[in-house]
1. Give me the distance in nm between label points sitting 7 Å out from Cα along the Cα-to-Cβ direction at H18 and R91, one decimal.
2. Got a number for carbon plus sulfur as a percent of segment 74-115's accessible area, 1.4 Å probe?
3. Whose amide H sits under 5 Å from the amide H of T97, counting only residues 5 or more places off or on another chain, with H placed in the peptide plane?
4. Taking 0.36 nm per intervening residue step and subtracting the Cα-Cα distance, what contour gain separates A113 from A99 on full extension?
5. Could you check the spin-label model distance between E128 and V34? Points 7 Å from the Cα along Cα→Cβ, value in nm.
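The values are calculated or read from the model by the stated rules, or taken from the named source; none is laboratory data. Nothing here was measured: the structure is a model prediction, and the numbers come from that model. Counting neighbours? That spans all protein chains shown, and the Cβs are built from the backbone with ideal geometry, glycine included. Please note that ligands, DNA and RNA were not included when accessible areas were found on the heavy atoms of the full protein model with its side chains. Shrake-Rupley method; radii C 1.70, N 1.55, O 1.52, S 1.80 Å.
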Amino acid sequence: MTESGDEFAGTSERSTKHSPRVDDQLEHEIEGMVRSGHATRAEEWRDPEPVAEGEPDIDADPAGTLVGGTPAGMDADAVVARNELARWLDRADFPSTGADLVEAARDHRAPEAVAVELGRLPAGDTFERIGDVVRALGYPTE
């Protein structure tokens, strides 16, 4: 390996935080967890504590009801639709026209269903934020 300028050759191929021996030791420690897909610790106290009996499971959309998570004036379908649209659009994409938002969503590799939904936006209108987009598509808002 050779050095050129101020860049040392081979820095991307090795860890600079610790030695190769420590790298191998750390890799060995997590190998079982990576292969099994769950915690493999012998000491039970190190594992995350499970949900208590009688408590609901932690879920973003429990049983598809969004209980407690649906704003007043909106239904669960509107929340899911707004979430899906906002997931594929950044703040930097606004303000934009409908055609620009379709292009931005495709640039972010959004599913075709999102692009089709954004394609329903009225031509010529400029949208300042995701709330404007959702209202223009006919979804209720809070």
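1. 3.7 nm
2. Values: 1150 of 2500 Å².
Looking at segment 74-115 in its full context, I get 46 percent from C and S.
3. F127
4. On the way: separation 14, 0.36 × 14 = 5.04 nm, distance 1.48 nm.
Fully extending the segment from A113 to A99 adds 3.6 nm.
5. 5.0 nm
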